[in-house]
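Peer 1: I have a structure I would like to understand better, so I am pasting it below and will then ask my questions one at a time.
The values are calculated or read from the model by the stated rules, or taken from the named source; none is laboratory data. Source: prediction; values computed, not measured. Quick reminder, even Gly has a Cβ in these numbers, built from the backbone with ideal geometry, and neighbours come from all protein chains shown.
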Amino acid sequence: MGVSLAMSAPRVRRPIGPLLLPVLLILPIALVNLIAFILPVAQLVRISFLEGRGGMLTDNATIDNYLTFLTDGYFLRLIANSVLLGVIVTVATLLCAYPIAMFLHSASARWRNLLFVVTISPLLVSAVVRTYGWMVLLGDQGLINTGLLQLGVISAPIRLVNSTAGVVIGLVEVLMPYMALSLIAGFGRLDPSYQEAAASLGAGRLTRFLRVTLPLTAPGIALGSLLCFVLSISSFVTPKLLGGGRVFLLATEIYDQAVVQLEWPLAATISVVVLVLFGGTLILYTRVVRRFD
């Protein structure tokens, strides 16, 4: 009898330890990051310290690739051009997307979801397709130049394609949904009662915006600026198509060095420099966000 009771007694499962459970939950994404990010980046860093000969990699370790990059004025101008372009695109995108996010925040619940879908709908279209669309619109015979000529505003077509201006316009349109999403998240901290309280104290619209709306939405502005800056300086398709080979940036130079000139070590070096720029931008973003929390 005692034996049968012992055999039929249910087994008690031991609970997973408090340290083992987080490890099991983090393990899948850790493996994905290890395989898809950490190992490729480590291989990229390794290649940047190798010597290349005629499109072939050798086993000779060298720092000449970094010395070449840091001492050549052409590459230093690439960094300056890329950073300047990123700042211009980020500021322009913020100025264009902020009113949209503010309007979505103040819209009624009936229309908010529809307007939100319309705002992010460009993400459903490939950046290549949108860039080709801008090539048609910004061309010498495009809609913008044709309209300005017919209105008598200009006497000759403005070169908007194969120029920095065209790249800025294309990148601003491509990155606006990302900025809008970040700003909408930032507007979630904005309580209408704060503005009502400021208005009851005699604050005008401009004062309410500068003293209430802008500080509360600053984290969203910082997040959107981070995304737009990083995506703009690493963008390749839009600068390559709208720049027409006349706008030289870090991303386009990586392509030329790796695919056209077969200088894989130098291309890897430039890629590492871009990663360092990303890291510096992330550190700056973290410090900015801490000031608002």
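Peer 1: Starting from residues that are basic (Lys, Arg) and out of contact with any helix residue (DSSP H, G or I) (no Cβ under 7 Å at 6 or more places or on another chain), keep the ones in the stretch 105-161 and report whichever is surrounded by the fewest Cβ atoms within 10 Å (Cβ to Cβ).
Peer 2: Among residues in the stretch 105-161 that are basic (Lys, Arg) and out of contact with any helix residue (DSSP H, G or I) (no Cβ under 7 Å at 6 or more places or on another chain), the one surrounded by the fewest Cβ atoms within 10 Å (Cβ to Cβ) is Arg110.
Peer 1: Shifting gears a bit: Let me spell it out: the conditions are (1) within 23 Å of Gly244 (Cα to Cα); (2) under 19 Å from the mean Cα position of the chain (by Cα); (3) not basic (Lys, Arg), and Ile158 meets all of them except one. Which number is the exception?
Peer 2: Ile158 satisfies all of (1) within 23 Å of Gly244 (Cα to Cα); (2) under 19 Å from the mean Cα position of the chain (by Cα); (3) not basic (Lys, Arg) except (2).
Peer 1: In this structure, does Val168 turn out to be of a type in the set (A, V, I, L, M), surrounded by 11 or more Cβ atoms within 10 Å (Cβ to Cβ) and touching a residue at least 24 places away in the same chain (Cβ under 8 Å)?
Peer 2: When the stated conditions are applied, Val168 passes them.
Peer 1: Checking the conditions here, which among Thr71, Thr58 is at pLDDT 85 or above, of a type in the set (S, T, N, Q) and more than 18 Å from Ile254 (Cβ to Cβ)?
Peer 2: Thr71
Peer 1: Another question, if that's okay. Within the bounds of the stretch 221-238, is there any residue that is in contact (Cβ under 8 Å) with a residue 60 or more places away in the chain, more than 26 Å from Arg291 (Cβ to Cβ), of a type outside the set (Gly, Ala, Ser) and part of a helix (DSSP H, G or I)?
Peer 2: yes
Peer 1: Sort through Leu175, Leu190 and tell me the only one that's surrounded by 14 or more Cβ atoms within 10 Å (Cβ to Cβ), in contact with a Cys (Cβ under 7 Å, 6 or more places away or on another chain) and touching a residue at least 60 places away in the same chain (Cβ under 8 Å).
Peer 2: The conditions single out Leu175.
Peer 1: In the stretch 273-293, which residues are polar (S, T, N, Q) and surrounded by 18 or more Cβ atoms within 10 Å (Cβ to Cβ)?
Peer 2: Scanning the stretch 273-293 gives no hits.
Peer 1: With respect to Leu201, is the statement that it is hydrophobic (A, V, I, L, M, F, W, C) and free of Cβ contacts under 8 Å to residues at least 60 places away in the same chain true?
Peer 2: Yes: the conditions hold for Leu201.
Peer 1: Out of the residues in the stretch 46-71 that are among the β-branched types (Val, Ile, Thr) and over 11 Å from Leu266 (Cα atoms), state the one that is farthest from the chain's Cα centre (by Cα).
Peer 2: Taking the candidates together, the pick is Thr58.
Peer 1: Check off (1) modelled with pLDDT of 85 or more; (2) assigned to a helix (DSSP H, G or I); (3) in contact with a Lys or Arg (Cβ under 7 Å, 6 or more places away or on another chain); (4) not charged (D, E, K, R) for Ala198 and give me the number that stays unchecked.
Peer 2: (1)
Peer 1: Of all residues in the stretch 254-272, which are more than 17 Å from Arg53 (Cα to Cα) and either without any contact (Cβ under 8 Å) to a residue 40 or more places away in the chain or surrounded by fewer than 20 Cβ atoms within 10 Å (Cβ to Cβ) (or both)?
Peer 2: Ile254, Tyr255, Val272
Peer 1: When Ile169 is evaluated against the numbered criteria (1) assigned to a helix (DSSP H, G or I); (2) aliphatic (A, V, I, L, M); (3) modelled with pLDDT under 85, which criterion, by number, is the only one it fails?
Peer 2: (3)
Peer 1: Shifting gears a bit: Within the stretch 214-230, can one find any residue that is more than 30 Å from Ser121 (Cβ to Cβ), hydrophobic (A, V, I, L, M, F, W, C), surrounded by fewer than 18 Cβ atoms within 10 Å (Cβ to Cβ) and over 16 Å from the mean Cα position of the chain (by Cα)?
Peer 2: Restricting attention to the stretch 214-230, the residues satisfying the condition of being more than 30 Å from Ser121 (Cβ to Cβ) are 215.
Filter once more, so that each one left must be hydrophobic (A, V, I, L, M, F, W, C): none.
Checked against the condition, which is being more than 30 Å from Ser121 (Cβ to Cβ), hydrophobic (A, V, I, L, M, F, W, C), surrounded by fewer than 18 Cβ atoms within 10 Å (Cβ to Cβ) and over 16 Å from the mean Cα position of the chain (by Cα), the stretch 214-230 yields no hits at all.
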